[in-house]
1. When the residues of region 124-157 are filtered to those that are out of contact with any Leu (no Cβ under 9 Å at 6 or more places or on another chain) and not hydrophobic (A, V, I, L, M, F, W, C), which remaining residue is farthest from residue 174 (Cα to Cα)?
2. Which residues, taken from region 215-236, are closer than 20 Å to residue 202 by Cα and touching a helix residue (DSSP H, G or I) at 6+ places or on another chain (Cβ under 7 Å)?
3. How about region 104-140: which of its residues are crowded, with 16+ Cβ neighbours inside 10 Å and acidic (Asp, Glu)?
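The values are calculated or read from the model by the stated rules, or taken from the named source; none is laboratory data. Quick caveat, the model's predicted, so the values are computed rather than measured. Here the Cβ positions follow ideal geometry from the backbone for every residue, glycine too, while neighbour counts run over all protein chains shown.
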Amino acid sequence: MLRKVAPLSLVCLALVGGLFINATNHEVSRSERAVREAEALIKKDKFEEALVILLDEDKRLPHQIAIDALIKKTFLSYCEFEIKAGDDAVERNALDVEAYMREARGYSYLGDNLRAMEVLTEGTMENPGSISLWMTIAAMEMKAGRDAEAVSVWSEVLRLNSRFGVAHNNLAYLLVKSNARGVRDLQSALMHAKEAVALEPRNADFIDTLAEVLDQMGDRAHALGLMQQAVALAPQEPAFRSHLKRIEMATARAP
């Protein structure tokens with residue numbers, strides 16, 4: 001059962017005594033207008049649009065009591081709305097993949113990742129061929145540090161689509177970076193990383209993963225060349241430059 005939330009307009013009224021204490025009259029006017037616009041959108045269940053307005057106002061003038069409170073209440077209402085809308089849609093059609101995703105997102109935003117995972121798992125039982133559901137589960141497993149489970153899920157994604165570069169790349173990354181018992185496997189990582197790059201030769205993320213695998217296997221010459229290629233493809237990405245520098249320094253120290 002969804003927890004009831006006090007009407008957002010009442011929240012603002014309750015806080016009005018402390019509203020914008022240090023603001024000028026002009027700033028108060030702008031802030032009040034932001035509150036009114038957001039509340040009008042909230043009444044239409046347009047929570048995301050309301051949050052954009054409120055977050056912009058918070059960025060302009062931080063630490064306003066009413067704005068901060070309304071952001072929190074709006075976010076909570078948005079999450080509960082998404083959960084209910086997703087659940088209702090699933091009740092109407094158990095094959096509606098996006099409905100499971102929507103409900104799971106709501107739980108995840110609230111920090112209830114266990115319930116989010118349950119919803120996604122229920123979705124795969126009704127839609128075993130849905131790559132998007134399996135990918136979301138894999139991402140959650142990775143975020144939770146459950147590498148062995150993530151490897152299993154990414155393998156299922158590849159069973160459904162063996163030419164999916166993202167799955168090959170993410171599986172390779174797990175197999176080379178994981179510290180979990182029985183997960184690290186450089187040979188399998190190399191196979192998946194090479195396949196990812198073969199599928200998308202100009203994908204800098206995939207090239208970076210392949211370079212990491214080769215570096216871990218001691219083939220720094222090829223790893224160095226690949227990282228130079230990745231930096232050339234995405235010069236704005238600091239992680240690639242850092243990786244390149246690390247390999248260059250290791251190469252320079254080598255006898």
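1. 132
2. The answer is 215, 222, 223, 224, 226, 227, 228, 229, 230, 231, 233, 234.
3. 112, 122
Conditions tested, residue by residue: (1) farther than 30 Å from residue 103 by Cα; (2) surrounded by fewer than 19 Cβ atoms within 10 Å (Cβ to Cβ); (3) at pLDDT 80 or above.
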residue: 8; (1), (2), (3): no, no, no
residue: 12; (1), (2), (3): no, no, no
residue: 17; (1), (2), (3): yes, yes, no
residue: 24; (1), (2), (3): yes, yes, no
residue: 29; (1), (2), (3): yes, yes, yes
residue: 36; (1), (2), (3): no, yes, yes
residue: 46; (1), (2), (3): no, yes, yes
residue: 67; (1), (2), (3): no, no, yes
